[in-house]
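First the structure, in the form of structure tokens, and then the observations on it.
Rule-based calculations on the coordinates, nothing more; no lab input. All of these numbers come straight from a predicted model, not from anything done at the bench. In this analysis, Cβ positions are derived from the backbone assuming ideal geometry, glycine residues included, and neighbour counts consider all displayed protein chains.
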Amino acid sequence: MQKQIDYKKYISYLLIGYAFSFPISKAATNLFEILAILLWIVEGNWKEKFALYKNNLLSITIALLIGFSLLSILWHGNAELTFRYVAKYRHLLIIFVFYSSFDNKYTSHIISAFLLSMFLSEIMSYAIFFELIKYKNISPNDPSPFMSHMTYSTVLAFTISILLIKLFYEKNLKYKFFYILFFLTATTNLFINGGRTGQIIFISLIFFTIFSSMKDKIKAFISSFIIVLLTFSLAYSFSENFDNRVNQLYTDFNNVITHNNYTGSGGSRIALTIVGVDTFLDHPLLGTGLAYNIHNITVYAKAHNFNAQQISRFADYHSTFLTISTQLGIVGLLISLLIIYVLLTFKIKNKEYKLMSLLFGISFIIFSFTHNTFHTMNPMIFFALFTGLFNTIQRLETQHEH
């Protein structure tokens, strides 16, 4: 009698490889993603799979995003552009693979594979920073080796929060010492890089993690305040990159308030938000359709006396939620709100994973307000990997209860 293939086991192995590859190699991540999806297709059991998906809010939200994006062809007309745009959503299929075909016993392996890979990425970052090696055209002043500095800083901030959770829950002193060391080096790495988004996320996560993990809330507030204050003081004193980025942000916002000047990096983001809100209000029902460029950006820029040439350089609103809302109207806004809701409401009983899921939700929401996270590969992988994992933990915990 022929032995039946254990698809779940092999798909789980591929997902561990996927988690490990994500921080360090796009090519390897793509390979593991394709193999996992192919094996998921070959696995079959589609009746059972669809029964699972139709009762899961995250699966419904992703299906709604893809389905309504395709449906928008009917009123926006450009089928080729729409298909090319929606093709990028293929990275989100991993969420469905996780939900129906991942074996829960490998959950800790996913986290460990991701942390190990981030550790290797961090070593590479320090090697570039100290000019021990040259890698591509990456500057020692902004040593983000395998991702854009905004994505790297966000993923690094989330990594730091996982390490902090591990510190609270780990009993073995040997591992505790490793997590402390990794926490310190990762935090330092965050502040020698140029991603301000990750640094903002870091503050939010430190406060949230310590408040959630300590019973005495006054001590929790004091501890988190001291950690954040000490970290930022050291970063401002010793990291030239951090010093420059903070001063630049202050200058940008000061120019907006006192001189009505939106040309700086921070000012441009404010201008893009104003343009995006106006665009949504002008096309609230059906949106402007899927596109690689902002709809009538020059017209909106001139209406507000923004520098049209400066603003028209941007291809999107630097906000996932604003981009989806303007492209798909009221339904886009609903999908955006559902994504936020789903990220913050995974019903996980394991305290460690529950806290991780909340911290991931906070990380990704802040990240998505500063970047179009559903249109570039690494942010989408970040989303698919961790929402896929936490969504599955939620399902399997409920299943074991019954």
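You can think of it this way: the chain between Lys105 and Ile41 has 20.9 nm of extra reach, that is 0.36 nm per residue less the Cα-Cα gap. The equivalent ellipsoid of the chain has semi-axes of 33, 31, 20 Å, largest first, where each one is the square root of 5 times an eigenvalue of the Cα gyration tensor. Of all lysines in the structure, the ones whose alpha carbon falls short of 19 Å from that of Lys49, not counting any fewer than 8 places away in one chain, are Lys8, Lys9.
Packing order of peptides 64-73, 368-377, highest average first: 368-377, 64-73 (average count of other Cβ atoms within 10 Å over each peptide's residues). Identify the residues of the stretch 6-45 with backbone N under 12 Å of a label point that sits 7 angstrom from the Cα of Leu116 along the Cα-to-Cβ direction, or state none. Correct set: 16-21.
Computed on the Cα atoms alone, the convex hull of the stretch 53-123 gives a volume of 118 cubic angstrom per residue. Here the alpha carbons of the stretch 25-183 define both size measures, Rg and Dmax, at 20.1, 61 Å.
In the chain, the DSSP-assigned H stretches of four residues or longer account for a calculated mean residue ellipticity at 222 nm of -24500 deg cm²/dmol, using -39500 (n - 2.57) per stretch and the full residue count as denominator. Per-residue Karplus couplings for the stretch 327-336, computed as 6.51 cos²θ - 1.76 cosθ + 1.60 with θ equal to phi - 60°, are listed in order as 6, 10, x, 4, 5, x, 4, 4, 4, 4 Hz, Gly and Pro entered as x.
The HN-Hα couplings worked out from phi for the stretch 112-121 by the Karplus form 6.51 cos²θ - 1.76 cosθ + 1.60 (θ = phi - 60°) are 5, 4, 5, 5, 4, 5, 5, 5, 5, 4 Hz, whole numbers, x standing for Gly and Pro. For the stretch 109-207, the spread of Cα coordinates along the three principal axes comes to 42, 27, 22 Å, biggest extent given first. The residue among Phe253, Tyr126, Ala36 whose Cα reaches farthest toward the positive pole of the charge dipole of the chain, with charges on the beta-carbon of Lys, Arg, Asp and Glu, is Ala36. Here the stretch 336-402 was treated as a single set of alpha-carbon atoms; its pair distances binned every 5 Å from 0 give 3, 17, 28, 24, 14, 8, 3, 1, 0 percent. Sorting Glu80, Glu33 by the number of Cβ atoms found within 10 Å of their own Cβ, with the fewest placed first, yields Glu80, Glu33. Considering the stretch 161-289 at the alpha-carbon level, its Rg and Dmax are found to be 19.6, 59 Å.
Put in line by how crowded their Cβ is, counting other Cβ atoms within 10 Å and starting with the fewest, Met124, Met147 read Met124, Met147. Entry note: the stretch 1-53 has Rg to Rh equal to 1.07, where both radii use alpha-carbon atoms and Rh is the Kirkwood radius. Given a cut-off of 31 Å, name the pairs among Lys54/Lys105; Lys26/Lys105; Lys134/Lys171 whose C-alpha atoms lie farther apart than that in the structure shown. Long pairs (Cα-Cα over 31 Å): Lys134/Lys171. Full extension of the chain between Lys54 and Glu240 gives 61.9 nm of extra length, using 0.36 nm per residue less the Cα-Cα distance.
Based on every Cα atom in the stretch 17-91, Rg and the maximum pairwise Cα distance Dmax equal 15.2, 41 Å. Per residue, the convex hull spanned by the Cα atoms of the stretch 303-358 measures out at 111 cubic angstrom. The residues Ser21, Ser325, when put in order of fewest to most other Cβ atoms within 10 Å, stand as Ser21, Ser325.
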